[in-house]
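The structure is given below, and queries will be raised subsequently.
The values are calculated or read from the model by the stated rules, or taken from the named source; none is laboratory data. None of the values given here were measured: they were computed from a predicted structure. Using ideal geometry, Cβ is built from the backbone for each residue, glycine included, and neighbour counts are taken over all protein chains shown.
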Amino acid sequence: MASGFTQSLADELIAGVESTKENVNARGEETIKTVAQVTTEGLQGESALAAEDLSHEIERTLANVNDILTRYEQSIVEYGENFNAGDRCGAAQLGGC
């Protein structure tokens, strides 16, 4: 990983990604629990099926968001490694020079 300012910046970015993951997952889990509670408290038939579909869609969305954030975190690490290796333009996937 890059040294000095770049290492500090990378650490901050990674901490932000990790914090975002935690917040997104916590909110998603709360939403899924709420949907499940509403479903068990009175939704029936098609409404219950729609609520179940919503829960599954939330789970898929959480998985996608986590995947994106994980790839972003990996890009930060790769950028730092490339910077440290002498490529001052950084990883091409992040825009380069």
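Looking only at the range 35-60, which residues are among the β-branched types (Val, Ile, Thr) and either loosely packed, with under 12 Cβ neighbours inside 10 Å or more than 30 Å from residue 73 (Cα to Cα) (or both)?
35, 38, 39, 40
Condition check: at pLDDT 90 or above and assigned to a helix (DSSP H, G or I). Does residue 50 satisfy that?
no
If you scan the range 1-47, which residues turn out to be outside any helix (DSSP H, G or I) and either touching a residue at least 40 places away in the same chain (Cβ under 8 Å) or not charged (D, E, K, R) (or both)?
Selection gives 1, 2, 3, 4, 42, 43, 44.
Inside the range 42-83, can you point out the residues that are closer than 16 Å to residue 32 by Cα and of a type in the set (Val, Ile, Thr)?
Result: 58, 61, 65.
Assess whether residue 68 counts as being in a helix (DSSP H, G or I), at pLDDT below 90, within 19 Å of the chain's Cα centre (by Cα) and of a type in the set (Val, Ile, Thr).
no
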